[in-house]
There are 2 protein chains.
Amino acid sequence: MKKNLPMKLAREVLQGNVRAAARLIRYVEDELPSAIEELKVLYPYTGKAYIIGITGSPGSGKSTLVDVLIDAFRKKSKTVGVIAVDPSSPFSGGAILGDRIRMQRHAIDEGVFIRSLATRGWHGGLSKATASVIHVMDAMGRDFILVETVGAGQAEVDIMDFAHTSIVTLVPGTGDWVQTLKAGILEIADIFVVNKADKEGANALKVELQTMLHMNAHSSEAWKPRIFLTEAINNKGIDGLVEGIYQHREFLFASGKYDAHAKEKGRLELIEVLRSSLTDRILQIASRDDYLDRVIDDLANRRTDPYSAASNIIKRVLREGIF
Amino acid sequence: MKKNLPMKLAREVLQGNVRAAARLIRYVEDELPSAIEELKVLYPYTGKAYIIGITGSPGSGKSTLVDVLIDAFRKKSKTVGVIAVDPSSPFSGGAILGDRIRMQRHAIDEGVFIRSLATRGWHGGLSKATASVIHVMDAMGRDFILVETVGAGQAEVDIMDFAHTSIVTLVPGTGDWVQTLKAGILEIADIFVVNKADKEGANALKVELQTMLHMNAHSSEAWKPRIFLTEAINNKGIDGLVEGIYQHREFLFASGKYDAHAKEKGRLELIEVLRSSLTDRILQIASRDDYLDRVIDDLANRRTDPYSAASNIIKRVLREGIF
């Protein structure tokens, strides 16, 4: 009898092999079934990396900030993984990747591993894909993993759930903190970065943020979000920011919140995996004999409704006993 | 034997009762099981309203545009429903609702029904909720339903799937079309509105958009996205925009795409309903006897992985035969 070979790719990833990791991440993006088998092998070795999420409106200098943070961690002899969660567009392609060009100076440094993750086709599965790529980099032995999001919407908030420290970047004089407020991402921030702090209004923005944080009364055991002024492009204020990240990490460990966080991440990922595997499987079965197409016809002609149709599909699949 | 009474709320909604519709929408937001029963009654009477989606970056004047579009449709004696999909924040509350104040002048007009839909707590279920609220307004007999999103991210793109005509708003000189491009929403636009067209760069932005649309070669049968310059706040350019919306509607009917669209909407909503009902039900069953908590503990301690755990949960639920 033929036995499954132990997963070669996973073993190479565990040895820190960058090319193997890159290939596995491609398999994850392509949703190959073998990717799951590899990830199963890797999972026991994960949970060691420290995850930092960076979000904020476009143009707030997130990529530049990530770029200088890489330098700062490398100076401390820490290895770094970067995941740029990047909505792609048939129109854009090169233009967006251009943002990443600055980071290419790290290309010859084996201690820095950068991957973009496109949202195209994911429609909600993005946080599952991000979690998988985090596992790959974690299993590679990266000390810090920076997850940078391009936009600032609900999808980004969901992704920030996986970060130990969530950083929200803002720029003075753009009114983009109102935008960030609207997207509901201000309350997920452990650290605020007022970037491009040489611009007029940087201190005013800091005061606004402080007032707003004060309004949101924290209990005494809670972390009090900190605010840092930086000029990422001139490498100014970065040491303070890194210090702030380390302080937040200390806080998580000392307060026991680090363990609570690990559980919460596990719960969120489990639900995502359950959700997508259940839906995929049931749609696959319901598609047999054009059953699904007929249901969709009935919906369009108002012969049924989505709630009754969904419940009929579930009943049919269970009756056929094919799960 | 006690028989279920026919759904009173649904019958009132079908008579165009605004208070009944408002109450049902609250039930939808609160995810009350009775809301589904009411929606089942309403569904056969839906599919008549024309849905217009309006998205674009914050500050591009979407609310003002919606406000003047309401006027334009009312002048044509059409009834209007407006759904403002509004991410809420514990910090914001009133500030965001302030945006809606301009629209309150329509409050005494029975032909205008405006509701905000908050994203708080939905985490991905937003498009299902939006679809439900569209059904309520559709069943009320509204001729046009305007769905306005606050941000411009993946969640917003998903919501635009429900619109017959998708409008993307842009403002000259803000570089926000680059942001919109990044969010991948440019290619969903049937109509572009360059709002605040009195600002410098309006024509340049129009030319940029035209060039970009030209690059994205359309087949000869496809709709060619149109670009309109408006100053919503001064009610300028709105007649042309409304004309453009009517032309797009004519195109959908003449090309048979209107029916294809109805099917696609049905399919999307069915999948959303399947996804959430499956996940809710299985999590509910898995939570018995603290089973789920123990699995989450095992995940945190790396005694299992999310993929094996998900498949074990499904097997357990099926073995117990409780679906």
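The values are calculated or read from the model by the stated rules, or taken from the named source; none is laboratory data. Computed from a predicted structure; not experimentally measured. Positions of Cβ are backbone-derived with ideal geometry, glycine not excepted, and every protein chain shown enters the neighbour counts.
Miscellaneous remarks
- Candidate set: the stretch B:261-296, residues that are of a type in the set (D, E) and more than 30 Å from A:D297 (Cα to Cα); chosen: the one surrounded by the most Cβ atoms within 10 Å (Cβ to Cβ): B:D293
- Residue count for the stretch A:254-295, restricted to those that are part of a loop (DSSP other than H, G, I, E, B) and at pLDDT 90 or above: 1
To keep it simple, each residue is scored yes or no on (1) at pLDDT 95 or above; (2) more than 27 Å from A:K263 (Cα to Cα); (3) not in a helix (DSSP H, G or I).
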{"residue": "A:E31", "(1), (2), (3)": "no, no, yes"}
{"residue": "A:P58", "(1), (2), (3)": "no, yes, yes"}
{"residue": "A:D67", "(1), (2), (3)": "no, yes, no"}
{"residue": "A:I83", "(1), (2), (3)": "no, no, yes"}
{"residue": "A:L97", "(1), (2), (3)": "no, yes, no"}
{"residue": "A:S116", "(1), (2), (3)": "no, no, yes"}
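- Qualifying residue in the stretch B:248-260 (condition: away from every other protein chain (no Cβ under 11 Å), surrounded by 15 or more Cβ atoms within 10 Å (Cβ to Cβ), among the hydrophobic types (A, V, I, L, M, F, W, C) and touching a Lys or Arg at 6+ places or on another chain (Cβ under 9 Å)): yes
- Beta carbons closer than 9 Å, at least 6 apart along the sequence or on distinct chains, pair a first residue in the stretch B:22-41 that is more than 13 Å from chain A (Cβ to nearest Cβ) and of a type in the set (S, T, Y) with a second that is surrounded by fewer than 17 Cβ atoms within 10 Å (Cβ to Cβ) and in a helix (DSSP H, G or I) for B:Y27/B:S34.
- In the stretch B:261-284, residue nearest to B:R316 (Cα to Cα) [restricted to those that are basic (K, R) and at the interface with another protein chain (Cβ under 8 Å from one of its Cβ atoms)]: B:R275
- Scan of the stretch B:46-89 for residues that are small (G, A, S), within 14 Å of chain A (Cβ to nearest Cβ) and surrounded by fewer than 23 Cβ atoms within 10 Å (Cβ to Cβ), ordered by number: B:G47, B:A49, B:G59, B:G61, B:S63, B:S88, B:S89
- Beta carbons closer than 9 Å, at least 6 apart along the sequence or on distinct chains, pair a first residue in the stretch B:51-68 that is under 18 Å from B:T79 (Cβ atoms) with a second that is in a helix (DSSP H, G or I) and small (G, A, S) for B:V66/B:A232; B:D67/B:A232; B:V68/B:A232.
- Meets criteria (modelled with pLDDT of 85 or more and in a loop (DSSP other than H, G, I, E, B)) for A:F162: yes
- Tallying residues that are part of a helix (DSSP H, G or I) and either in contact (Cβ under 8 Å) with a residue 60 or more places away in the chain or among the basic types (K, R) (or both) within the stretch B:212-253 yields 10.
- When every residue of the stretch B:302-318 is checked against the conditions, none turns out to be part of a helix (DSSP H, G or I), aromatic (F, W, Y), over 30 Å from B:D67 (Cα atoms) and more than 7 Å from every other protein chain (Cβ to nearest Cβ).
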